[in-house]
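What follows is one structure encoded as structure tokens, with my remarks underneath.
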Amino acid sequence: MIPSVKQSNLILSIIVIAQFCCISLWFAGNGVMGDLMVVFNLKSSALGHLTSAVQLGFILGTLIFAILTIADRFSPSKVFFSCALLGSLFNALVIWEGNNLASILLLRFITGFFLAGIYPVGMKIAADYYEKGLGKSLGFIVGALVVGTAFPHLAKGMTGGFHWKYVLLLSSFLAVLGGFLMLTMVPDGPYRKPGNKLDLSAFFNVFQNRRFRSAAYGYFGHMWELYAFWAFVPVILKTYSIVHAGAAFNIPLWSFLIIGIGGLACAFSGYLSQTAGTKQVAYTALLLSCACCLVSPLMFATTSESLFIGFLLFWGMVVIADSPLFSTLVAQNAPAEITGTALTIVNSIGFAITIISIQLLNVLQDSMNATYMYTLLALGPILGLIALYEKKKIIAPNKT
């Protein structure tokens, strides 16, 4: 049964809230990184390793979910709820005082594994409800992911006088709440076409569609930059403070704002895509974020703190604004019965790419001038832009 406009708006609101609550698990470790380094005697390289551990877990999870077509064969809301519960449990276990680097990495890896049943499955649920206006809907959903990703930084800044463990426990509580909301208030959507059997070939066959490949390649270029930028936002702020001795930032607060403002950008790009075209808006955002990578050394050189912060806020917007649009193109160019699998496959490969860029910056931060390091993030957007430009003649007629 097709829901009314009022029901659709309510369901979208629930999906957005649930995504926000559950995605707070993703960067929960980053939000208390300083405390983890002190309590567990971790080195500075732990930032990259802990971030990559979540990414690796997510990659393995999405591979398994995609190969087994879990999001298409089972109720997406139940999958979402189950993964929210398990993810929150392993996130909370980080507070155990007997942990060390290896055990924390394992816990973050498992948390990332269960995030595979949250982020792409949430987009699958939206695709099951919104055949038209999917770009706008995913704009809100990815926007919730962005704010949820940034939330641990805000929680840390707001609870400076409290123990760091409360930040992790808060993110776990939110994940349980989000999973419960999805399970109880979002039934299977009217456009869902469940897969009735295990189809191992779906993982490979989906790439035979040329329009699907074009959207996927653009997304891969975007992902090279995105999570490396997010992971290193606190480092970028600290680097500027070192270069300019008089500069002093509230790093947790500004990290939240720089990452979180991308949520507004996602919602705006979703609306803009309805008039300007999904592909065109995605292309423009990718071009602007590429430009930010290339001009970053100039921004480190400026003595104006306001200009530097303004630049980072702009970068935080354009670095993510194209994400819901690429996901929209992926969903629209995949067979309806394997939409969940297609989104999961692209997520899996995209997040595998983030491991490389994060670890590249992690290695170079001790051997390269930090003010030039982020120009390397332009490589992904450049390749993504080339792929989109070359395929424009194939996918341009559809103004979605």
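Using packing as a proxy for protection, rank 137-146, 295-304 so that the peptide with the highest average count of other Cβ atoms within 10 Å comes first. Don't skip to the end; give the middle numbers.
On the way: 137-146: 27.5, 295-304: 14.9.
By packing density, highest mean first, the sequence is 137-146, 295-304.
Points 7 angstrom from Cα along the Cβ direction at Arg210 and Tyr389: gap in nanometres?
The answer from the label model is 1.9 nm.
Report, in listed order, any pair from Lys78/Lys124; Lys78/Lys165; Lys238/Lys279; Lys6/Lys124; Lys124/Lys165 with a Cα-Cα distance greater than 24 Å.
Table pairs above 24 Å Cα-Cα are Lys78/Lys165; Lys238/Lys279; Lys124/Lys165.
Between Ser44 and Asn9, what is the spin-label point distance in nm, taking each point 7 Å from the Cα along the Cα→C-beta axis?
5.1 nm
Once fully extended, how much extra length lies between His163 and Ala248, figured as 0.36 nm per residue of separation less the alpha-carbon to alpha-carbon distance?
Working: separation 85, 0.36 × 85 = 30.60 nm, distance 2.36 nm.
Net length gain for the segment: 28.2 nm.
Could you order the peptides 365-375, 88-98 from most to least packed, using the average number of other C-beta atoms within 10 Å per residue?
Top of the packing list down: 88-98, 365-375.
I need the calculated FRET efficiency for the pair Leu307 and Asn369, taking r as the beta carbon distance and R₀ as 22 Å, to the nearest 0.05.
That pair, Leu307 with Asn369, gives E of 0.60.
Hey, can you rank 280-290, 33-43 by average C-beta count inside 10 Å, highest first? Each step should come with its number before you reach the end.
On the way: 280-290: 22.0, 33-43: 15.2.
Result, highest mean Cβ count within 10 Å first: 280-290, 33-43.
Bear in mind that the values in this text are calculations on the coordinates, not laboratory data. Given the structure is predicted, the values throughout are model-derived calculations rather than measurements. Quick reminder, even Gly has a Cβ in these numbers, built from the backbone with ideal geometry, and neighbours come from all protein chains shown.
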